[in-house]
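Here the structure is laid out as structure tokens; the discussion comes afterwards.
What follows draws every value from the coordinates through simple rules; no lab data is involved. What you are looking at is a predicted structure, and each value in this text was computed from that prediction instead of being measured. Here Cβ is always computed from backbone atoms with ideal geometry, including for glycine, and neighbour counts include all displayed protein chains.
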Amino acid sequence: MKNINILVVALSLIFASLNTVAAEAPAAKERVVIQVSDADTGKWNLALNNAKNVQQAYGADKVDIEIVTYGPGIGMLKMDSVIANRIDESKQAGVAIVACQNTMKNMKLTADDMLPNTSYVPSGVVELIKKQKEGYAYIRP
């Protein structure tokens, strides 16, 4: 009987310590990757709205959001973009917006053609695959 009491006390201490460790662990950030591959300002605005809504729902500091653009969608990241101000607002709010260098090469675009503070990835499609493997939720408006 004495051994059973010792076992019960030991198990209680173990469970109590596990609860303490779990309570101290910081909550994992939500992670979202958004694909934009269409030259459609409506879809771009929807993607930017999605990013903003996710930040508002979770808190901007509790979510990592990356918008991956390739193909015709990359045009909205050019200097003459009609939504340049919205893209800049999203970047300032902490949304990462990346351009596919494969698309840029095929369209004969350089970094000088793109909006300031644009980030680049070698391949937009590969970036989407990588992010999904890392556990990012995938959204395509």
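In region 77-95, which residues are surrounded by 16 or more Cβ atoms within 10 Å (Cβ to Cβ), of a type outside the set (S, T, Y) and closer than 24 Å to Q132 by Cα?
Hits for region 77-95 are L77, I87, K91, V95.
Scan (1) of a type in the set (S, T, Y); (2) surrounded by fewer than 19 Cβ atoms within 10 Å (Cβ to Cβ); (3) touching a residue at least 40 places away in the same chain (Cβ under 8 Å) for the single condition T69 breaks and write down its number.
Failing condition for T69: (2).
Step by step: first the residues of region 96-118, then only those that are surrounded by 14 or more Cβ atoms within 10 Å (Cβ to Cβ) and hydroxyl-bearing (S, T, Y), then the one that is nearest to K52 (Cα to Cα). Which residue is that?
Filtering first and then ranking leaves T118.
For region 118-141, give me each residue that is among the hydrophobic types (A, V, I, L, M, F, W, C), within 17 Å of L77 (Cβ to Cβ) and not in a strand (DSSP E or B).
At the first step, the residues of region 118-141 found to be among the hydrophobic types (A, V, I, L, M, F, W, C) are 121, 125-126, 128-129, 137, 139.
From what is left, the residues that are within 17 Å of L77 (Cβ to Cβ) are 121, 125, 128.
Across region 118-141, the qualifying residues are V125, L128.
For region 90-117, enumerate the residues that are under 16 Å from the mean Cα position of the chain (by Cα) and either closer than 19 Å to A39 by Cβ or in a strand (DSSP E or B) (or both).
S90, A96, I97, V98, A99, C100
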